[in-house]
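Following: one structure in structure tokens, then a few remarks.
The values are calculated or read from the model by the stated rules, or taken from the named source; none is laboratory data. Note that this is a predicted model, so its numbers are computed, not measured. So basically every Cβ, Gly included, is an ideal-geometry build from the backbone, and we count neighbours across all protein chains shown.
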Amino acid sequence: MNLRDTAEEAAFRAELHAWLDSNLPDDRRGWRGGEQRFGDEFGREWSRKLYEAGYAGLTWPKEYGGAGAPYSFQAIFYEEMARAQAPAHVGVIGLGMAGPTIMAHGTDELKQAHLAKILSAEEIWCQGFSEPDAGSDLAAARTRAELRGDVYVVNGQKVWSSFAHIADYCILVTLSDPDAPRYHGLTYLIVDMHAPGVEVRPLRQITGEAEFNEIFFTDVEVPVSNRLGDEGGGWQVAMTTLLHERGTLGFALTAALDVGVGRLLETARDRVDGDGAVRERVAAEWIELQALRYTNYRSLGTYQRTGIPGPEGSAIKLRWSEQNQRLTKLGRELLGPEGILDDGWWHYQQLRSRGNTIEAGTSEVLRNIVAERVLGLPRSR
Amino acid sequence: MDFALTDEQRQLQREVRGFLAANYPLDRDWDAPPDDRWQELAELGWLGGAELSFVEEAILFEESGYALYPGPFLVAVGFVLPFLGDAEREALAAGEVRWSAEDRGLVPWLDSVDMVVDMDGNAQPARGELLPTVDPTRPLGRLERTNGIPLPGHRDVARARAAMAAEAVGVAQRALELGVEHAKTREQFGKKIGVYQAVSHQLADTYADVELARSLAYWAAWCVAEEDEQARLAAAAAKAFATEAAVRACERSIQVHGGIGFTWEHPLHRYYKRALWLEGFGKRPAELRAEIADALLGVAVPA
């Protein structure tokens, strides 16, 4: 057990710290997230800078254009990005989900075509998993893919797809055989978002912004060569995607919280004098952040050894989302009556946080995962 | 950075778990006066003889909570050691002199130790009025003061708190396991009750609590072992979080157990009482959070 950086880790941290200092303008720090991630051209520009400096795809193998670095470097990357309040790489779906899935299941042609462009933010990717009638229950997907010659013809609707309105490609879970037993009729495709028949409609959400979209597919032709895994083998491929989503996600989430707790302390220093009850709540959020931070470190150890994220990742996501809701509500409360003004950081973050316990696995599903896969309780379904 | 236990530390953990499980099984006679096997602890080197790091000692505290070990190990190694000089350490390590320490005017196990470190860091003979507590294996006493003999060391508040946090993690872990075991075997309405999400989700929440508590406890233990500047904050955070987590873990486990969890016969209430003791002894969680707030926000200025 050693919580200090190794010599290599310390060198990487120092180099990244200095690079951020000299490359990230002050007025680009502290993005609030949301629509700003897509609307501002700086997002892509910044992503390209990260790529050129070698910070995109840190843990990707060198043969695919990555840095081949250990997962601890990715963790340090998130920590330093949070410290600098730097915007994230705009290609999060490509980097964290599509890329690793292509590496695991894609043909050489697909790897050649996409991996480098994901890193450089030339290609933006989105995820087509959820449907109106298949949210948590992915195996119930009904978007049809019918094989006709050397193309799949896709018809159906996906929902809750971040980045779809600016995306070039989509990783799509389709139903190719409606008669097959559950889990066996799914096929995983890469779809060109600029192809005829693809229509994207932004979904306006609780914050008034549109980060998510609906995607409608009408007779969209997808070459068979764009299939990942076997026909009918889409479930296994989708599990690869979701596994990688969990990988170092905890560090990314905690990095965002770190920024939030930092702001909470600032707000509290300005606004709270002797109110012991409020001071105690602020301290409790700081403690919870440290608990998540060091749980990440513990799970990183397992991840480094096995390459597979441990199931404790579900607990981290669960607690992160609940903390972000509590923390942002407290931040807003500290502002007093100003907290209801429709223009502030806390106002936005508090509303946005309501999605945290729903997106990327609802809290209910995560508790089921912990109960069944970690604690070994009997399945509830 | 590497936050995993080493192979040697895992080996130690297995040995401690084995020793305590063999001598303090769940089906022990809980109401009989406990044998704390102090001499055996000395021979195993746990009383300072093996010169373990504090991370390894944290493993011992965690396991002593898991097994609900009844003796004054927590105070001897967690509280007292930093006060002692070489000669006293040797006698403690050999199991010859049993020590406790006064905290906020109260001395744990006053009736079963020989010597006490008082609030001023002086050694006193263990004499005074005994007060029963919520945890019958852990009485407190009010010291009858003499002038005392000055000791060469100092009070290490972070170490004491980190020790209590580690013990609380063990308590919480066992309460969770008992609840899970019950939910896997008990049937109602024709199904194992663990099928019902109203039951399983409580246990999932306890799991998250225990994992987070363990992370804080080991962070604090590492800071104490390394004399890191964050030791004081880390230990305050760990004690506040882990002892509350242990109390909640026991409360949820009692609920999951239904009626049997409320009986004297079932061991759960023993774990619950240990958790309440750990939460209440020294500074309580709310006071610790106030201390942390002072460090983060500056000391409060009354309006």
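Could we say that A:Arg367 is in a helix (DSSP H, G or I), touching a residue at least 24 places away in the same chain (Cβ under 8 Å) and under 22 Å from A:Leu257 (Cα atoms) here?
Answer is yes for this residue.
Having 1 or more residues that are farther than 29 Å from A:Gln236 by Cβ and in contact with a Phe, Trp or Tyr (Cβ under 8 Å, 6 or more places away or on another chain) is the bar; report the strands (runs of 3 or more DSSP E) wholly within region A:169-211 that clear it.
In region A:169-211, A:198-203 are the strands (runs of 3 or more DSSP E) which contain 1 or more residues that are farther than 29 Å from A:Gln236 by Cβ and in contact with a Phe, Trp or Tyr (Cβ under 8 Å, 6 or more places away or on another chain).
Scanning region B:187-206 for residues that are at the interface with chain A (Cβ under 9 Å from one of its Cβ atoms) and surrounded by fewer than 16 Cβ atoms within 10 Å (Cβ to Cβ), which turns out nearest to B:Ala246 (Cα to Cα)?
Ranking the candidates gives B:Gln197 first.
Suppose we filter B:Ala183, B:Ala163 for residues that are in contact (Cβ under 8 Å) with a residue 24 or more places away in the chain, buried (at least 23 other Cβ atoms within 10 Å of the Cβ) and closer than 21 Å to B:Ala238 by Cα; which single one remains?
The conditions single out B:Ala163.
So which residues in region B:148-164 are out of contact with any strand residue (DSSP E or B) (no Cβ under 6 Å at 6 or more places or on another chain) and part of a loop (DSSP other than H, G, I, E, B)?
Across region B:148-164, the qualifying residues are B:Pro152, B:Gly153, B:His154, B:Arg155, B:Asp156.
Name every residue in region B:129-170 that is among the hydroxyl-bearing types (Ser, Thr, Tyr) and farther than 22 Å from B:Leu60 by Cα, in order of residue number.
Across region B:129-170, the qualifying residues are B:Thr133, B:Thr146.
Within region A:113-152, count every residue that is in contact with a helix residue (DSSP H, G or I) (Cβ under 7 Å, 6 or more places away or on another chain) and assigned to a helix (DSSP H, G or I).
6
Of the conditions (1) over 25 Å from A:Leu366 (Cα atoms); (2) more than 20 Å from the chain's Cα centre (by Cα); (3) of a type outside the set (A, V, I, L, M, F, W, C), A:Pro132 satisfies every one except a single condition; which number is it?
A:Pro132 satisfies every listed condition except (1).
With A:Met1, A:Met97 as the choices, which residue is without any contact (Cβ under 8 Å) to a residue 12 or more places away in the chain and either buried (at least 16 other Cβ atoms within 10 Å of the Cβ) or among the β-branched types (Val, Ile, Thr) (or both)?
Of the residues listed, the single one that is without any contact (Cβ under 8 Å) to a residue 12 or more places away in the chain and either buried (at least 16 other Cβ atoms within 10 Å of the Cβ) or among the β-branched types (Val, Ile, Thr) (or both) is A:Met1.
For region B:250-290, which residues satisfy the criterion of being under 29 Å from B:Gly141 (Cβ atoms) and within 13 Å of chain A (Cβ to nearest Cβ)?
Scanning region B:250-290 gives B:Lys283, B:Arg284, B:Pro285, B:Ala286, B:Glu287, B:Leu288, B:Arg289, B:Ala290.
Yes/no per residue for (1) over 23 Å from B:Ala231 (Cβ atoms); (2) away from chain A (no Cβ under 14 Å); (3) assigned to a loop (DSSP other than H, G, I, E, B); (4) at pLDDT 95 or above:
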| residue | (1), (2), (3), (4) |
| --- | --- |
| B:Gly18 | yes, yes, no, yes |
| B:Ala21 | yes, yes, no, yes |
| B:Asp29 | yes, yes, yes, yes |
| B:Asp36 | yes, yes, yes, yes |
| B:Leu41 | yes, yes, no, yes |
| B:Ile59 | no, no, no, yes |
| B:Gly65 | no, yes, no, yes |
